[in-house]
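First up is the structure itself, then whatever we jot down about it.
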Amino acid sequence: MKFFIDTADINEIREAASWGLVDGVTTNPSLIAKTRRPYADVLREICATVDGPVSAEVVATEAAAMLEEGERLARLHPNIVVKCPLIIEGLKAARALSNRGIKVNVTLVFSPLQGLAAAKCGATYLSPFVGRLDDTGHDGIAMVEQLVRILRNYGYPTQVLVASIRTPTHLLRAAEMGAHVATIPFGVMRQILHHPLTDSGLEKFLADWRATKQKI
Ligand code: G3P
């Protein structure tokens, strides 16, 4: 399973990359806005830091303008993947960008049939938002399970990139169902590495070792 980090914060990206856990990065306009830095500068810096796909989202809502923005973003670095929202205009842009050889991540997917439509448009990735669907009282993970099954039924090459992950359990369920990629916030990435039994186990090993007064 590929792990992407869901942030535009370069310090978080560097730290998680040092753990060997970052296969790629996803950003969105909200995450970039939080950095208070120019869009292109942030994206160039991320691409220089991580050797993997970096999703950068268009902000236009009309296909021709999305296509233009997408081409501009793709010129920033060969690893840029253009993110288009799942609206009709976004699907038109996704198809046009894919036809031009630019990788596309169709984002804001909230139903399996929206996802199937994105796969039919030639998207490289599609991003179902688990946490935001949970927020509405629906079962985000169940939606992703349906989506993964549908894409497998037809052998689509589109990769399911599970997004809006809020908890380690979201990630666990995504891995169990065989989703291709999870984009994970920094905090959740850190959470999955910690276990109280690891900490107490290590403490005991070290205490026992200190008692021997030996050195390695
Ligand atoms: O990748 C999409 C993701 O950033 C959305 O996450 O937590 O804002 O729903 P969240």
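The values are calculated or read from the model by the stated rules, or taken from the named source; none is laboratory data. Bear in mind that the values here come from a model prediction, so they are computed numbers and not experimental data. Here the Cβ positions follow ideal geometry from the backbone for every residue, glycine too, while neighbour counts run over all protein chains shown. Please note that ligands, DNA and RNA were not included when accessible areas were found on the heavy atoms of the full protein model with its side chains. Shrake-Rupley method; radii C 1.70, N 1.55, O 1.52, S 1.80 Å.
Assorted remarks:
- Residue within segment 56-70 that is within 16 Å of the ligand (Cβ to nearest atom) and either outside any loop (DSSP other than H, G, I, E, B) or within 18 Å of Gln191 (Cα to Cα) (or both) present: yes
- Filtered by the rule that a residue be in a helix (DSSP H, G or I) and within 16 Å of the ligand (Cβ to nearest atom), segment 145-172 gives Leu147, Pro168, Thr169, His170, Leu171.
- Which numbered condition Arg132 fails, given (1) assigned to a helix (DSSP H, G or I); (2) more than 13 Å from the ligand (Cβ to nearest atom); (3) open to solvent by 30 Å² or more (accessible area, probe 1.4 Å): (2)
- Answer from Glu89, Glu12, Glu71 - the residue that is at pLDDT 95 or above, of a type in the set (Asp, Glu) and within 19 Å of Ala163 (Cβ to Cβ): Glu12
- Of all the criteria given as (1) assigned to a loop (DSSP other than H, G, I, E, B); (2) farther than 16 Å from Ala40 by Cβ, the one not satisfied by Leu97 is (1).
- Boolean, Asp41 is within 26 Å of Met189 (Cβ to Cβ), acidic (Asp, Glu), open to solvent by 10 Å² or more (accessible area, probe 1.4 Å) and not in a helix (DSSP H, G or I): no
- Screening Asn105 against (1) open to solvent by 30 Å² or more (accessible area, probe 1.4 Å); (2) assigned to a strand (DSSP E or B); (3) touching an Asp or Glu at 6+ places or on another chain (Cβ under 9 Å) leaves a single unmet condition, (1).
- Where a residue in segment 27-39 is closer than 17 Å to Phe129 by Cβ and of a type outside the set (Phe, Trp, Tyr) and its partner, wherever it lies, is part of a helix (DSSP H, G or I) and open to solvent by less than 70 Å² (accessible area, probe 1.4 Å), with Cβ under 8 Å and at least six apart: Thr27/Val42; Thr27/Leu43; Thr27/Ile46
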